[in-house]
Ligand SMILES: [Zn+2]
């Protein structure tokens, strides 16, 4: 009699190589030596996977390798090595010494609805009719074990091993949530199921492990495998058990054996739950019974959609003929039962390298680390970034720059780094440097919570944007650095840029460390800022997509703020470098800034660009549009009209005091266009002292060169 004895195998099922319609290509094996190496690599990876370590290969890479091995073997059947993982349960990795009463088999896999439908058809042929109904359950991504109960008492835990015999891990009795030491009834049975770590248990396990000087586990499955097999550890970590099979123990109660043998799988699961064992019935994806293939596929889709939200990993859906009679009619092969199949979901974990950690400041001032990865494909998407949660999380997991990391992606959720693959370290990994001040506004960081926060909180953005506006290349307000701005913001004196221009002497004097001299100097600097050209005022507003040079182009094109504000997206596109995408967003953002611009104007801030002539007013006659555009393009006048100019090296003489930004402003006032890189389009390179590669490139390309003095003479009328 066939008993419901089989095991779910993890994502590394070797059976995959026999199926058609793979999602990823097999590894290519060129010759016998490559084949031998591939077998060795696969055996090693498999041993690590089942033995509790971390494999150097992720599931996808392993699958590809084994498929490549299988392909080579089918072409060279006389050269198959005895170690080959193909056709073996668990890749032949682990041999235990406790025999299983009934073999714990693997499952064959399907990957697509078509493959699944084909499988149901072959099942129907085998049993002589369509399977009456299917049980559909999530395929848990953990480690299969058999739990033996004698008269209702848990006496022994055995890993699956090679399916015939497993390893005794009874020392783990009492550490598995959901696997009681005493059943509700004094029966002598074996419960089979999966041991796994939930997301929370995994995080806890790595915390405890690293606290004891151990290396973190790369993923929950490796963590549960390692923790289950570890004996005499100074600490224990909780894991969770889900039952998915119930069978009588040999040579005991034959009446019970007969009864269990007649129960449908769904009834066995209900009984398992009644005995007090945890099953998937308690989860968001409980096992169900489906009457048809369509219903089954619908459930597969539902489960796949819920995958990202589950507090534990699944790597597929297990579908079984539910009725014992159907199962018995189908029978089992040596490796897998014919009445059950695993519908595999795409891999969600890959190993890649952590290249950099960026620190981003959110709207509320939360400073969140983000990992930059060597690009890796998961579920058809290229993953470049992964969330790292918080600094404590990095420390806890002992992550380092250059580490190989296990990256997990499920659905549309932002990918996360599970953990470093510590045994792949070379010693060249570098510690991750945490920021000492807010990376956006430069204020101090509140590190009292796990999630670091800029002390400015929601004002962080305000401090950063005011600091930018007051900066040297914008309004150039001397004495108004980040520290002073923080003071103003905290005192409630500056809620936006316009507030800076209405500050009074008394208000400033009331601030700490603010004497009469610095107050007067600051007021003078603020007053002088009112006369900055429109290009700088515009830049200070910080409109997205408009940096310094774009602000200059807009200001020169429109000449006045009124003209800019009157421009629609079409008119905005007349400015060089503004395309169909950027134009509407600039127009929209300027409209949003309207009240602020009004207040700046009222405060006396200059809103015109010196030397610029406004475009010819548009009329309602559309025929004139092209003329306006032509006019806009042609209106550049001055000695540099139509020229693209690059400045490199240190300026001397009359130009010595000009910053690079001021040089660019000068070029544009004189009718030219400033650029930072030399190309064939460059008309003139101003090469100062120490000019290097840009000068050399200009010489190579035969581009006109000018010394700072020559250039100063050329634009003498436009220096201010
Ligand atoms: Zn900040």
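Every read-out reported here was derived from the displayed coordinates using simple, explicitly stated rules and does not represent laboratory data. Because the structure is a prediction, the values reported are computed rather than measured. Don't worry about glycine lacking a Cβ; one is built from the backbone with ideal geometry, like all the others, and counts go over all protein chains shown.
Among the DSSP beta bridges whose two residues both lie in the stretch 644-718, what percent are antiparallel, rounded to the nearest 5?
On the way: 1 of 11 bridges.
Taking every DSSP beta bridge within the stretch 644-718, about 10 percent pair in antiparallel fashion.
Compute log10 of I(q)/I(0) for the stretch 225-326 with the Debye formula, placing one identical point scatterer on every Cα and leaving out solvent, at q = 0.12, 0.22 Å⁻¹, to two decimals. Each listed q corresponds, in turn, to -0.56, -1.22. Residues 72, 339, ranked from the fewest to the most other C-beta atoms within 10 Å, line up as 72, 339.
Each DSSP beta bridge with both residues in the chain is either parallel or antiparallel, and the antiparallel ones are about 80%. Ranking of 282, 560 by neighbouring Cβ atoms within 10 Å, starting from the fewest: 282, 560. Look at 350, 44 and count the other Cβ atoms within 10 Å of each Cβ; fewest to most, that gives 44, 350. To the nearest ten degrees, helix 220-229 and the longest principal axis of the Cα atoms of the chain are 40 degrees apart. Just so you know, the averaged projected area of the alpha carbon convex hull for the chain sits at 43.4 nm².
Would you please classify the overall shape of the stretch 457-529 from the alpha carbon gyration tensor, given that a ≥ b ≥ c denote the square roots of the eigenvalues, rounded means a/c under 1.5, and beyond that prolate means a/b larger than b/c while oblate covers the rest? Write down the numbers at each step before the final one.
Values: a/c = 1.72, a/b = 1.16, b/c = 1.48.
Verdict is oblate for the stretch 457-529.
Once the cut-off is 29 Å, how many percent of the Cα-Cα pairs in the stretch 98-344 end up in the long-distance tail? Result for the distance tail: 29 percent.
In the chain, the longest principal axis of the Cα atoms and the axis of helix 265-274 are about 80 degrees apart.
Report, in degrees rounded to the nearest 10, the 0 to 90 angle that the Cα long axis of helix 32-51 makes with the longest principal axis of the chain. Value to nearest ten degrees: 80.
Calculate the length of the line joining the C-alpha centroid of the stretch 113-172 to that of the stretch 563-608, in whole Å. Rounded to whole Å, the Cα centres lie 66 Å apart.
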